[in-house]
Structure formats: structure tokens, C-alpha cells
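Following: one structure in C-alpha cells, then a few remarks.
The values are calculated or read from the model by the stated rules, or taken from the named source; none is laboratory data. Since the model is a prediction, treat every value here as computed from it, not as a measurement. Cβ coordinates were reconstructed from backbone atoms using ideal geometry, including for glycine residues, and neighbour counts include every protein chain displayed. SASA here: full protein model, heavy atoms, side chains in, ligands and nucleic acids out. Shrake-Rupley method; radii C 1.70, N 1.55, O 1.52, S 1.80 Å.
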Amino acid sequence: DPYSTDPPRHPALKVNSLKPFNAESPTAILTDSYITPSAIFFKRNHFPVPRVDPKTYRLKIEGLPGGTVSLTLDDLKSHFPKHTVMATLQCAGNRRSEMNKVKQVKGLNWEIAAISNATWSGAYLRDVLYHYGFGPELAAKARHVQFEGLDLDVTGTAYGASIPLNKAMSEEGDVLLAYEMNGEDLPADHGFPVRVIVPGFVGARNVKWLGKIIISEEESQSHWQQNDYKGFSPGTDWDTVDFKSAPAIQELPVQSAITNLTDGSSIDRDMENVTVKGYSWSGGGREVVRVDVSLDGGKTWHVAKLQNSKEGETSAPSPPPGQAWAWKLWEITIPLPEGAQELEVVCKAVDSSYNTQPESVAPIWNLRGVLSNAWHRVRVKVK
Ligand code: MTE
Ligand code: MO
């Protein structure tokens, strides 16, 4: 069994598939902490977890003027300043289950918790590339930075992805070669010893167990860059889809969901107020500036209170524009409408570009069930 060396996992995780291991965070406690503890951070693996010996680990970089570079873990830790970035990761398929209710899609049936928030520490990718000779000549020619994992499919092909060169080299991009998560060595499930963190980008580009970096004119030719993780029209089906016709998903659209109420549950009629809690986040470093909550399916709205820092801390100042990498948790207490038999609780977020979430799932349905970010709706009975 190639999975026999997978690490132990926290029993509270909501398992979606065991081999490979895919699990979402337990929704009820997801938003209890602003920084998700690593043990309950969602996990998305395509293959068995490669067990990497940190002593013999080498990170190779191809495409630099001086030829291939090979770094040890110690080189990465001792030659480059250590930076810490707080960033939310979200899988492209988060909330796919809602698309499945419209019409069957292909993929893991994620509910709302294929998203989590952590601090990541390591060297800036740009520092490393400049150190090994990245210069104007290469900048004029290269367009992409490819990443390959040390995890392999049955044919021996590595998990791979790429990002645009300008994201990798930008001073505002904050792309990290991370060796720590929440102040400790990366856990095996999250990429030990090194993963790339591409803040504001879809989870799939945050390659774990990083073995190789390639600076190139071409995007990664991997399955996950070319034939997966792309969005299509609701009218496109598996007979007509042309994966070449759509760009790879990189930045994700604005998102929010309700975490403390579940569909079909009930609340006590004698309660004066209803408290609603959840998370909100947008891709590309766009800051969530507002979350609207409704108890009547969207007829009337209330503005939730946003939290952008650790429990017990006063609210953190907004990051510079375009660098809001971490989610905002939100909460609101609303008087229970008199005589209501049922509530349709809804949330929607607005980001700093005034993008907001679509009202319903059907018009954004796509065959892979990605980019599922319609208003989140939860029906609750009043008893
Ligand atoms: N990197 C490697 N090497 N192998 C993988 O299977 N999965 C990707 C990405 N990086 C993956 C990978 C996907 S689709 C997601 S959503 C994130 O890792 C999940 O990161 P996490 O498991 O740390 O939450
Ligand atoms: Mo993902």
C-alpha cells in the first residue's frame, strides 16, 4: 500500500477521501480561531505523502543563467532572510457540493471548509532567484515559474503547477519558499520540508514537497495546469469542453460562508436574537470590505462585524492595497423576526474592488465544480 507511510491525522477532520487523503476542517470550529491550527487545516493530496529526509533534501532550480542550482534545506534557512506571511489557502473546489445539487460535476464533494488560514515562514522566492543570478535578460524572456512536487502518480509524473513570473518576482507578491507553518516545521501533510506559498492564488499552485523550480517561457505542462482547475460556461459539457480555450485559475473570486448554522437545524423560538458567524476572503490580495447577512433569503440585509486579527487582539490595520492575503472572520447578532417559522440565512461578501458573490449557483455551474462562490444559504427552522 503506497499510502502506508502517510502521517496520522486529527480525528475531527471531515474526511472526503482516504487514499489519497482529502479532508476539510470541522465546520463548527473552523472559525473559532483566526489562525487555523495545523492539525485541523484542510488537507488536499493527490497522491501518497512523500516522506522526505531533510538531510538529503535538495531543491533544484532550472532556467537560471548559470545553469541548474541545487540548494539544501540549510542553505534556504541560513542564506536568506526569514519572512512570515499570513495567508488563507482555498481549494478551487471549495463548496463544490452546492454545484452537485444543480447537476452532477466531477471532483471531491467539498462542502464549505476546503479553506483555512495560517502563518507561513520561509525565504521569499524572489530573494532566492535574484541571489542565483536572475536578471533583466531573463526577465525579458521568461514568463512563468513552474513548480514540481516530490509526490508522484503511478506513472512517475510529479504534481506540478506554475504561476506568472511577475507574481513570483513582485515585491508585493510575497511568494514564499515556506519551511514553517504556524511557527513550526511544516507538517508532512502540508509539504515538509518546503512548499511554495503563493498568497492570493488558488490552493493548487501552492505546491507542497517542492522538489524543483523551473523558470520558463511556457506554463507548466502538467495535467493540473492544462486540463484541470479551469472555469467553463454552464453550457459546456464533457463532450464539448476544450481545456485550451480557458486560462488556468490563479486568483480566486470573492467568497464567504456561514459556519455556525447548518441546513435543516433548528433554533429555539424563545431566543431574542440569532447570531450568525462565518468566514470571508477574496483572491489576488483584495481585501473583504463588507459582509452582508440576511435572515429572509435576501429581502432585508444587515452588515456583519469583521475580524482580521487573532482572538483577543484589537483589530489589525488594513494591509497595503492588493496584499490582503488572510481571510476575515465575521459575526452578527440579529433580533429574531417575530412569528418566523423558518429562516433562510444568507451571507455575501464584497471585496475592495466591489466584486461581490453571485446570487445563485446555476449560472456559475461548471463541469469541474470549481469557483463555487454563490451567496451561501442555510435554512433553519424556528421551533
Ligand atoms: N502540492 C503537491 N505536491 N501535491 C498536491 O497534491 N495539492 C494542491 C496544493 N499543492 C497538492 C499540492 C491543492 S489542489 C491544494 S488545494 C493545496 O495544495 C492544499 O494544501 P493543504 O493540503 O496544505 O491544505
Ligand atoms: Mo485544490
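Details
- Test: residue in region 163-172 that is in contact (Cβ under 8 Å) with a residue 24 or more places away in the chain, in contact with a His (Cβ under 9 Å, 6 or more places away or on another chain) and within 16 Å of ligand 2 (Cβ to nearest atom): yes
- Among residues of region 338-366 being under 19 Å from LYS277 (Cβ atoms) and either touching a Ser or Thr at 6+ places or on another chain (Cβ under 6 Å) or not hydrophobic (A, V, I, L, M, F, W, C) (or both), the one that is surrounded by the fewest Cβ atoms within 10 Å (Cβ to Cβ) is GLU344.
- The numbered conditions (1) of a type in the set (S, T, N, Q); (2) outside the structural domain of LYS328 (by TED's automatic domain parsing); (3) within 20 Å of ALA349 (Cα to Cα) are all true for THR300 except (2).
- The C-beta contact set for region 70-90 (first residue in a loop (DSSP other than H, G, I, E, B), second residue of a type in the set (D, E, K, R), distance under 8 angstrom, 6+ apart or interchain) comprises THR72/ARG58; PHE80/ASP127; PRO81/ASP127.
- If you check GLY156, GLY107, GLY133 for being within 28 Å of SER216 (Cα to Cα) and either assigned to a strand (DSSP E or B) or within 16 Å of ligand 1 (Cβ to nearest atom) (or both), only one passes: GLY156.
- Only one of the numbered conditions (1) more than 20 Å from ALA23 (Cβ to Cβ); (2) buried (at least 19 other Cβ atoms within 10 Å of the Cβ) is violated by GLY231, and that is (2).
- Any chance ASN182 is at negative phi, outside the structural domain of SER372 (by TED's automatic domain parsing), out of contact with any Pro (no Cβ under 6 Å at 6 or more places or on another chain) and in contact (Cβ under 8 Å) with a residue 24 or more places away in the chain: no
- Applying the set (1) open to solvent by 70 Å² or more (accessible area, probe 1.4 Å); (2) under 20 Å from THR88 (Cα atoms) to ALA316 leaves exactly one unmet item: (1).
- Residues considered: TYR57, TYR34. Of these, the only one that is modelled with pLDDT of 95 or more, surrounded by 14 or more Cβ atoms within 10 Å (Cβ to Cβ) and within 16 Å of ligand 1 (Cβ to nearest atom) is TYR57.
- Pairs where the first residue, in region 310-338, is under 13 Å from SER352 (Cα atoms) and the second is open to solvent by 90 Å² or more (accessible area, probe 1.4 Å), C-beta under 7 Å, 6+ apart: GLY322/GLU172; GLN323/GLU172
- Restricting region 183-200 to residues that are of a type in the set (Gly, Ala, Ser) and more than 19 Å from PRO20 (Cα to Cα), the residue that is surrounded by the most Cβ atoms within 10 Å (Cβ to Cβ): GLY200
- Scanning region 71-115 for residues that are open to solvent by 40 Å² or more (accessible area, probe 1.4 Å), within 20 Å of LYS230 (Cβ to Cβ) and either of a type in the set (Lys, Arg) or within 16 Å of ligand 2 (Cβ to nearest atom) (or both) yields LYS103, LYS106, GLY107, ASN109.
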